[in-house]
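The values are calculated or read from the model by the stated rules, or taken from the named source; none is laboratory data. These numbers come from a predicted model, not from an experiment. FYI the Cβ positions are ideal-geometry reconstructions off the backbone, even for glycines, and counts take in every protein chain you see.
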Amino acid sequence: MGRTFGNKNLTDNDKRAIVVGRQNGLTMMTLAGMFGVTEAGISQFLKRQKAQDGSTNSQRTGRPRVTDRNDDRNILKTSRTNPRLTAPAIRREVFLNSPSPPSVSTVKRRLNAAGIMGRRPVKKPLISEKNRAARLKWAKEHLNWTRQDWNKILSSDEIKFLLFGSDGIQ
């Protein structure tokens, strides 16, 4: 196993303590033992810290994020307000007037990072037990109706019956 560079696991307080400890004359070996890092790791951290004029946090490498914290918060708020919205719909709603909106994949990543995953709706029985019992009760009550009783009922042939799923109207 090679050398480990463990200062990525150091907190801001640890970094400050390393700088203060070094200024107070502690050796690299002593600091490495105190913080569980290699001497090379301490040395590299101190060189980088000195090159940045005392700043302990360096600029992150890689591509900068397209969304900021407010954008992320708005994405989550929109999703929680209407959980049936798709990622493209959330993107359109949140970044309506934005000159360069993030991609749909970015919106999905932000939702996934917050624990909101895409799921299929749960399959439910066509008729619930409660509804089934109510229908059976109604049928038994009207079992002995005569033709005159049924003629008193107004019915229309324009009623829409949707047996399976949704037609998209919520």
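Kindly check whether there is at least one residue in region 49-63 that is at pLDDT below 85, among the basic types (Lys, Arg) and either surrounded by fewer than 15 Cβ atoms within 10 Å (Cβ to Cβ) or under 30 Å from ARG110 (Cβ atoms) (or both).
Yes, region 49-63 has at least one match.
Could you run through region 93-107 and say how many residues are surrounded by 15 or more Cβ atoms within 10 Å (Cβ to Cβ) and farther than 10 Å from ILE75 by Cβ?
Final tally of qualifying residues: 2.
For the list (1) surrounded by 10 or more Cβ atoms within 10 Å (Cβ to Cβ); (2) among the acidic types (Asp, Glu); (3) over 30 Å from ARG80 (Cα atoms), I need the number of the one condition that GLU158 fails.
(1)
Considering only region 123-154, state which residues are surrounded by 10 or more Cβ atoms within 10 Å (Cβ to Cβ), of a type in the set (A, V, I, L, M, F, W, C) and not in a loop (DSSP other than H, G, I, E, B).
Listed by number, the residues that qualify are ALA133, ALA134, LEU136, TRP138, TRP150.
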